Amino acid sequence: MKTTKLLQSAAIALVIIIATVGCGAAKTAVPPTAAPVVTSGGYTIPVAKCAPNCTYKDMTAGFIQTGSESGWRAANTSSFKETATQLGINLKFYDAQNKIENQVSAFHQFNTDASVNVIILAALDVTGYDTVLAEAKANGKVVILEDRRIDAAPSNYYTYIGSDFVEEGHKVAAAMCDLLKDSVKKNVVEISGAVGASAAIDRAKGFREKIGDCGIVITESQTGNWGVPESKAVMEAFLKKSTDIQGVFGHNDEEAIGAIQAIDEAGLKAGVDIKTIGVDATADGFKYLITGELNADIECNPLLAPQVYEAALKAMNGDTSIPTWVPSNEGQFFASQGADALKAILATRKY
Ligand code: AHR
């Protein structure tokens with residue numbers, strides 16, 4: 001009788017032990033579940049084999065950059081390169097030199113590169129990626145958009161981490177309305193970003209949504225392709241046509257700086273005779289805020305890498321908690337804050 005009792009309790013203990021080990025074992029090495037893991041945007045995550053315990057050391061990221069068109073872009077690139085080194089991520093960086101065909105072929109390269117498990121795209125254009133997005137799905141590559149959105153359904157990518165460009169356009173309109181509040185005429189010219197880029201499309205849209213609040217009239221609009229020389233030439237042409245201009249909106253700092261140079265060379269005073277607003281708030285933008293030639297600078301945050309890599313790791317681990325869009329936190333700066341205050345702020349900034 002006693003022996004049977006002993007055997008019985010030993011058996012139960014064994015079951016518990018097995019369960020614990022079983023449970024224990026179950027917790028640490030869950031193979032990717034058979035059931036597809038789908039985000040709120042309808043994106044089926046290609047969960048990595050190392051899930052749910054993947055680390056940055058398991059990540060090989062193919063990064064497709066637009067090019068090197070501005071100070072903002074240089075800061076964005078450094079953010080990805082430096083953060084990858086810090087986290088021990090194997091980064092394959094590609095500079096598309098502002099050509100969409102280069103982006104598409106690099107995307108295909110990464111899709112067919114067995115070592116790559118994450119692809120990060122800073123899209124030059126809002127369209128043109130359908131084929132390679134479908135190929136990424138077929139090849140089990142996690143896709144994340146950074147900086148720029150595209151006109152594709154969120155079921156094509158894990159998440160988009162980048163600015164609310166429409167909101168930036170709203171901020172520009174509000175600042176220009178304030179700068180021109182005592183001006184009878186409110187003729188504003190626009191030097192827009194590269195044609196097709198979501199940053200340019202959405203900033204222009206946001207600006208137009210709010211200029212009616214104070215009766216601003218856009219008298220000219222042309223792209224400066226995010227650069228100083230081209231924007232200067234555009235502003236020179238605008239001024240040759242008419243000097244009846246009270247404000248200029250440059251879609252980034254370089255475009256505003258080009259306009260300022262043209263205004264000065266036309267014998268007018270930038271920031272006084274013609275109000276000037278830029279977007280990005282880079283160190284170069286701050287220099288012109290401090291002199292007062294740039295009246296306002298709407299921030300666009302380029303330091304997106306930590307958030308993007310964190311999201312990529314979550315994707316590899318099959319985490320569906322990330323929303324389809326993670327907007328960046330951004331501020332705005334004004335010459336009216338005063339040179340000393342602006343210099344103090346500039347000293348704390350990384351770009
Ligand atoms: O997408 C962000 C924009 O791209 C920045 O405002 C501009 O400087 C860059 O070229």
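The values are calculated or read from the model by the stated rules, or taken from the named source; none is laboratory data. Nothing here was measured: the structure is a model prediction, and the numbers come from that model. With ideal geometry, Cβ positions are generated from the backbone for all residues, glycine too; neighbour counts draw on all protein chains shown. Heavy atoms of the whole protein, side chains included, go into the accessibility calculation; ligands, DNA and RNA do not. Shrake-Rupley method; radii C 1.70, N 1.55, O 1.52, S 1.80 Å.
Assuming a ≥ b ≥ c are the square roots of the Cα gyration tensor eigenvalues, decide whether the range 50-151 counts as rounded (a/c under 1.5), prolate (otherwise, with a/b larger than b/c) or oblate. Note, shape of the range 50-151 comes out oblate.
Using the Cα coordinates of the chain, the gyration tensor eigenvalues translate into equivalent-ellipsoid semi-axes of 52, 21, 17 Å, sorted from longest to shortest. With 28 Å as the limit, the listed pairs Lys137/Lys210; Lys185/Lys350; Lys49/Lys81; Lys99/Lys205; Lys81/Lys314; Lys185/Lys240 have Lys137/Lys210; Lys185/Lys350 beyond it between alpha carbons. Comparing Lys137, Lys171, Lys241, which has the greatest mean-square fluctuation in the GNM of the chain with Cα pairs linked when under 10 Å apart? In the Gaussian network model the winner is Lys241.
Size estimate for the range 218-269 follows the Kirkwood approach: the inverse of mean 1/r over distinct Cα pairs works out to 10.6 Å. Each listed q (0.10, 0.13, 0.21, 0.23 Å⁻¹) maps to a log10 I(q)/I(0) for the range 255-351 from the Debye sum over equal C-alpha point scatterers, namely -0.39, -0.56, -0.97, -1.09. Using a Gaussian network model of the chain in which every pair of alpha carbons under 10 angstrom is joined by a spring, one finds that among Ala35, Ala123, Ala315 the greatest mean-square fluctuation is at Ala35. On the chain, 59 percent of the accessible area sits on carbon and sulfur atoms, based on a 1.4 Å probe.
Which helices of the chain meet both criteria: a Cα extent of 27 Å or more along the helical axis and a mean Kyte-Doolittle score no lower than 0.5, with helices taken as whole DSSP H segments? Helix filter hits for the chain: 2-28. Note on the chain: GNM, Cα springs under 10 Å; of Asp319, Asp264, Asp253, the largest mean-square fluctuation is that of Asp264. Annotation: average projected area of the range 289-329 is 3.8 square nanometres, based on the convex hull of Cα atoms across all directions. In this structure, Ala153 and Cys214 have a Cβ-Cβ separation that, at R0 = 51 Å, corresponds to a calculated FRET efficiency of about 0.85.
Rolling a 1.4 angstrom probe over the protein heavy atoms with all chains in place gives the range 224-351 an accessible area of 39 Å² per residue. Which shape class applies to the range 163-244: rounded if a/c is under 1.5, otherwise prolate when a/b exceeds b/c and oblate if not, where a ≥ b ≥ c are the square roots of the Cα gyration tensor eigenvalues? Because a/c hits 1.5 or more and a/b fails to exceed b/c, the range 163-244 counts as oblate. When Arg203, Arg149, Arg208 are compared by accessible area of protein heavy atoms, the largest-first order is Arg208, Arg149, Arg203, using a 1.4 Å probe.
With a Förster radius of 30 Å applied to the C-beta separation of Ser78 and Thr291, the computed FRET efficiency comes to 0.70. Less than 5 angstrom separates the built amide H of Ile274 from those of Lys269, all sequence-distant by 5 or more or on a different chain.
Near the amide H of Glu299, within less than 5 Å, lie the amide hydrogens of Asp280, Gly331, Gln332, Phe333, all on another chain or at least 5 residues away, with H placed in the peptide plane.
Dividing the summed -39500 (n - 2.57) terms of all DSSP H runs of n ≥ 4 by the residue count of the chain sets its mean residue ellipticity at 222 nm at -13500 deg cm²/dmol.
Annotation for Glu310 and Lys350: the two label points, set 7 Å from Cα along the Cα-Cβ direction, are 1.2 nm apart.
Along the Cα-to-Cβ line of Lys57, 7 Å from the Cα, sits a label point; which residues in the range 76-112 have backbone N less than 19 Å from it? Counting backbone N atoms under 19 Å from the label point, the list is 83-92. Relative contact order of the chain: 18 percent, from C-alpha pairs under 8 Å at least 6 residues apart in sequence. Using heavy atoms of the protein chains and a probe of 1.4 Å, the accessible area assigned to Ile89 is about 20 Å².
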